[in-house]
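Encoded as structure tokens, the structure appears first; notes follow it.
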Protein chains: 2
Amino acid sequence: MHLAELGERRIIDRIWETLGKREEYDDCVYVPRGDYYDLITTDFIGEGTHFMGEWDPRLIGSFFAAINLSDIAAMGGIPELFMASMFFPPDYPMENLEELVGGINSLLSQYHVEYRGGDLKESRIAGMSGIAIGRVERNKILKRRGARLGDGIYVTGALGKQAAGYYLWKHGFKEAYEHLLDVHPRIEEGRSLAGRATSCMDISDGLSSTITQLENINNLAFLVDFDEIPVHKLAYEVSEDYNIPLEHLVIDFGGEYELIYTSDAKILGKRIGEVSKGKGGIFRDGKKVGGRGYEHFSEVLDKVRGQ
Amino acid sequence: MHLAELGERRIIDRIWETLGKREEYDDCVYVPRGDYYDLITTDFIGEGTHFMGEWDPRLIGSFFAAINLSDIAAMGGIPELFMASMFFPPDYPMENLEELVGGINSLLSQYHVEYRGGDLKESRIAGMSGIAIGRVERNKILKRRGARLGDGIYVTGALGKQAAGYYLWKHGFKEAYEHLLDVHPRIEEGRSLAGRATSCMDISDGLSSTITQLENINNLAFLVDFDEIPVHKLAYEVSEDYNIPLEHLVIDFGGEYELIYTSDAKILGKRIGEVSKGKGGIFRDGKKVGGRGYEHFSEVLDKVRGQ
């Protein structure tokens, strides 16, 4: 059986089965060190799948660093170090690599994170795998599990910009991919939530998928009112101009890296729903909306591949 | 200018220049934590460059884990955790992935290292980037810098097996690649050297390249007697059968992941030379031998690529 027939989550389940272990999914691996947890996370992007060769390497670098730091944010942590294992074809221009590393470093600098090198290899296509390391107080760590019945569900920012940028780019607006890469790790927000929110996760694969994962891990229903979701203005425009359902742009596509958290009172961001019993999901005008979001290796979407 | 025109070390120098920093090369990044250093390292392998798609995934997995742990060994550390950021084309067979992860886990188990997941993505070709995390006592850490005039130079095992395996494989012995992948991280040896050796490094790109790097970083001459180097029996056979200079197999090719260390007295392994003044290098019958070893992105070798 090929990976594409299984989908990412079933593949990961089978890997853990193979190893005879059961790992709880969280945004980072956490390791106790005195009063702290060390947080470790890794995120990969590859040419042709997550970015195209002709895109601005500085923006690719900054995106790459941001999505790695986002996992630290989702656990309430302070990022400290970043390393990158990068590989390129031999004819990759040195100038592009300098721009790319400049982009990584400039994003990291904003969050006082140190770039500490890594590995550099050659490969048939360009790709890079980041490692972000940080820490969080043991009594403040945010996990995906922990939501309580009656908690509100909150989001740190507007959704749909990345999807809108992608479709604009597909429709010939060459620079519009910049919206897809324009991601800000919610480090400060995560720090404000640390020790206060009952559960937290970042939106990589779409709100719909995030909600489903939080429901499964918490064994509770997450009831979200679509009309309460803050929508990026670009998503409204693209939905109208290209006749793409707004739900698809706002909850299916993903890539926003905003934080979703639960709490018995608002800490920051916008309330979009409530942790409840029974049947959960995202509802608009009484009807459940949204698919599964972007799942790697599933047959649904391979957003950029083959463009 | 393309990366291939520069070679790995000049690329890395230019990256640090871009960032306005100067990083000392070591096998791991080390971060002080109380009486210990945390050691963090990452190593990437890609299909078509470091392994071929038809090779046994279990052996690829075990090799992949081994070369990552080797960097912890070279700094005298105890490896604790391993994560992997892996990417595969959608038609990669699930059975192969299970074998691969089984190989990773079985190598890790031998060294009591825990596999803690990582990232899984799709990509045009298969590749994987490992993260090994360990620790070492602050007063025992082994670095590349620290060799003293008059120290002996030692190696933990025989060299040339991986090169021999590669050439056998190229000459049609289909299973011979197994020698190339048969690598054992010298964790126990590294622990014995910790706090005692004056400098240490693992051999990834060939003894010749390792010696050059140690010379540059220590600002001393490393004088090695070729005839003192322990040579793997397969290297003798392949050298004779295919008329390949023994030096090429033993000091240029690399991939052994044995440790090279310096010390004023033997701790383990075999003495092969001495830290001296003047002109260093590897000498045989009074003549300097060996090229630069395998340097990624250089024009010299791309061992497996395009086969």
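Remarks
- Filter result for A:GLU17 (outside any loop (DSSP other than H, G, I, E, B) and of a type in the set (Asp, Glu)): yes
Residue by residue, here is whether (1) closer than 21 Å to B:GLY76 by Cα; (2) charged (D, E, K, R); (3) in a loop (DSSP other than H, G, I, E, B) holds:
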residue	(1), (2), (3)
B:GLU178	no, yes, no
B:ILE211	yes, no, no
B:ILE260	yes, no, no
B:LYS266	yes, yes, yes
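- The single condition among (1) touching a residue at least 60 places away in the same chain (Cβ under 8 Å); (2) in a helix (DSSP H, G or I) that B:ASN216 does not satisfy is (1).
- Hits in segment A:102-129 - residues which are part of a strand (DSSP E or B), touching a residue at least 60 places away in the same chain (Cβ under 8 Å) and more than 8 Å from every other protein chain (Cβ to nearest Cβ): A:MET128
- Qualifying positions in segment A:238-258 - assigned to a loop (DSSP other than H, G, I, E, B) and either free of Cβ contacts under 8 Å to residues at least 60 places away in the same chain or of a type in the set (D, E, K, R) (or both): A:ASN243, A:PRO245, A:GLU256, A:GLU258
- Criterion (outside the structural domain of B:ASP43 (by TED's automatic domain parsing), touching a Cys at 6+ places or on another chain (Cβ under 8 Å) and more than 18 Å from B:LEU149 (Cα to Cα)) met by exactly one of B:GLY190, B:GLY255, B:GLY206: B:GLY190
- Residues that are assigned to a strand (DSSP E or B) and within 7 Å of chain B (Cβ to nearest Cβ) were ranked within segment A:82-97; the one that is farthest from A:ILE131 (Cα to Cα) is A:PRO93.
- On the stretch given as segment B:69-99, residues that are more than 22 Å from A:ILE125 (Cβ to Cβ), free of Cβ contacts under 8 Å to residues at least 40 places away in the same chain and under 26 Å from the mean Cα position of the chain (by Cα) total 1.
- Filtered residues of segment A:1-14 (kept if part of a loop (DSSP other than H, G, I, E, B) and either more than 8 Å from every other protein chain (Cβ to nearest Cβ) or closer than 21 Å to A:THR210 by Cα (or both)): A:GLY7
- Candidates are the residues of segment B:35-65 that are more than 26 Å from A:ILE45 (Cβ to Cβ) and in contact (Cβ under 8 Å) with a residue 24 or more places away in the chain; the one that is nearest to the other protein chains (Cβ to nearest Cβ) is B:TYR36.
- Criterion: touching a helix residue (DSSP H, G or I) at 6+ places or on another chain (Cβ under 7 Å) and charged (D, E, K, R) - qualifying residue of A:ASP71, A:ASP91, A:ASP56: A:ASP91
- Check on A:ILE72, closer than 18 Å to A:GLU178 by Cβ, more than 12 Å from chain B (Cβ to nearest Cβ) and not in a strand (DSSP E or B): no
- When residues in segment B:101-128 are screened for being among the acidic types (Asp, Glu) and over 23 Å from B:PRO89 (Cα atoms), 1 of them pass.
- Residue that is farthest from the other protein chains (Cβ to nearest Cβ), among those in segment B:131-152 that are touching a Leu at 6+ places or on another chain (Cβ under 7 Å) and of a type in the set (A, V, I, L, M, F, W, C): B:LEU149
- For A:GLU188, the conditions (1) free of Cβ contacts under 8 Å to residues at least 24 places away in the same chain; (2) under 15 Å from the mean Cα position of the chain (by Cα) all hold with the exception of (2).
- Scope segment A:16-33; condition within 7 Å of chain B (Cβ to nearest Cβ) and over 22 Å from the mean Cα position of the chain (by Cα); matching residues: A:THR18, A:LEU19, A:ARG33
- In segment B:144-170, of all residues being over 15 Å from the mean Cα position of the chain (by Cα) and of a type in the set (Lys, Arg), the one that is farthest from A:ASP205 (Cα to Cα) corresponds to B:ARG148.
- Filter result for the condition that a residue is under 22 Å from B:CYS200 (Cα atoms) and either surrounded by fewer than 23 Cβ atoms within 10 Å (Cβ to Cβ) or at pLDDT 95 or above (or both), over B:ASP91, B:ASP27, B:ASP35, B:ASP43: B:ASP35
- Just one of the numbered conditions (1) on the phi < 0 side of the Ramachandran plot; (2) part of a loop (DSSP other than H, G, I, E, B); (3) touching a residue at least 60 places away in the same chain (Cβ under 8 Å) is not true of A:GLU23: (3).
- Check on B:ASP264, within 18 Å of B:LEU214 (Cβ to Cβ), assigned by TED's automatic domain parsing to the domain that holds B:ASP225, surrounded by fewer than 24 Cβ atoms within 10 Å (Cβ to Cβ) and modelled with pLDDT of 95 or more: yes
The values are calculated or read from the model by the stated rules, or taken from the named source; none is laboratory data. Predicted, not measured: the structure shown is a model, and the values here were computed from it. Cβ coordinates were reconstructed from backbone atoms using ideal geometry, including for glycine residues, and neighbour counts include every protein chain displayed.
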